[in-house]
Amino acid sequence: MTLAVGLALGFGLVLCASPFLWPARPGGARRPSPWPVARLRHRLAQAGLNSISVPALAVVSVLAAAVAVGVTFALLPVIAIALIAGVVALGLPMSIVGWRARVRRRAGRVLWPDVVDHLVSAVRSGLALPDSVVTLAHSGPAPTREAFAVFEHEYRATGNFGLCIDGLKERLADPVADRILETLRMSREVGGSELTTVLRNLATYLRQDAAIRSEVEARQSWVMNAAKLGVAAPWVILLLLATRPEAAAAYNSSAGVVLIVAGLFVTAVAYRIMLGIGRMPEGRRWFS
């Protein structure tokens, strides 16, 4: 009974102090997310995982780390290796999200010129800009139809082109999509007769950029794969050695822990340098 009364009193004090601790923003505006959370949410949108929240991703990462530590220590009784496995598993879900985002971005390089061509055809046929965008929900490339279908639903409900364009940009989460949609927004708000010319030039540029990137990535792929194999090989040998009881005892000593931690640091630095040298720069979302 005393515990229940104490909890109720504490909850009441929190409610009384909440207007001062967490004041409402003017106009009911939502408080902006911290930078790491906003970046994770943006990466999830790029990967096409808008339905997954950042807390859910964090919970999955922690569970994966706990399982990895337990399984690794059961198979290889080396504390340092078990902790390293936990750290790797902690970042594995985010790595999968990043890989999925890069795959979608690479596939989008081929799709966006077709999207622009559909827009040009719709505009030249005499449709208004909102209706031209709506046609992409039915005749555009299949991977982008869902996002444009949501745009169609929102525009039919609100009639606010600018607000629906902002929502579409958040769902697509692509720098090329930002350029296309901002071009349409400017044409609708300012007017002009050069929209089709601008869109055709943009489609030509996108096709050339996609062709150059594909050629460069094909030539760099074998170098990247060889570098990844070189990074992974010492750790495979370490895992094989740790299966022996005498090696596990040596790695559990202070000198063994220092050796493993130093090797992890060198591997991480070399891997990041390798990625920095081999990865091509990606476009930034200037209009997000």
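Annotations for the structure displayed:
- Zone of H153's modelled label, taken as backbone nitrogen in the range 165-188 under 11 Å from a point 7 Å along Cα→Cβ: none
- Gain upon complete extension [Y271, V110; 0.36 nm per residue less C-alpha separation]: 55.0 nm
- Each of A101, S51, V88 was placed along the dipole of the range 42-121 (beta-carbon charges, centred on the mean Cα), and the one lying farthest toward the positive end is A101.
- Of the solvent-accessible surface of the range 142-288, computed with a 1.4 Å probe and all protein chains present, 65% belongs to carbon and sulfur.
- Shape of the range 96-216, Cα gyration tensor, a/c cut at 1.5: oblate
- Spin-label model distance (nm) - N160 vs T197, 7 Å beyond Cα toward Cβ: 3.4
- Rounded, prolate or oblate (a/c below 1.5 giving rounded, otherwise prolate when a/b exceeds b/c) for the range 160-239 by Cα gyration tensor: oblate
- Computed over protein heavy atoms with a 1.4 Å probe, the accessible surface of the range 97-192 works out to 48 Å² per residue.
- Tail beyond 24 Å, pair distance distribution of the range 48-142 (Cα, percent): 51
- Test item: Cα-centred dipole of the range 108-163, Lys/Arg +1 and Asp/Glu -1 on Cβ, debye: 60
- Convex hull volume of the range 128-167 per residue (C-alpha atoms, cubic angstrom): 58
- FRET efficiency, R244 to Y205 (Cβ-Cβ, R0 45 Å, nearest 0.05): 0.15
- Only the Cβ atoms of Lys and Arg (+1) and of Asp and Glu (-1) were treated as charged; on that basis the dipole of the range 142-243 about its Cα centre amounts to roughly 260 debye.
The values are calculated or read from the model by the stated rules, or taken from the named source; none is laboratory data. In this text, all values refer to a predicted model and were calculated from it rather than measured experimentally. Using ideal geometry, Cβ is built from the backbone for each residue, glycine included, and neighbour counts are taken over all protein chains shown. With ligands, DNA and RNA removed, areas are computed over all heavy atoms of the protein, side chains included. Shrake-Rupley method; radii C 1.70, N 1.55, O 1.52, S 1.80 Å.
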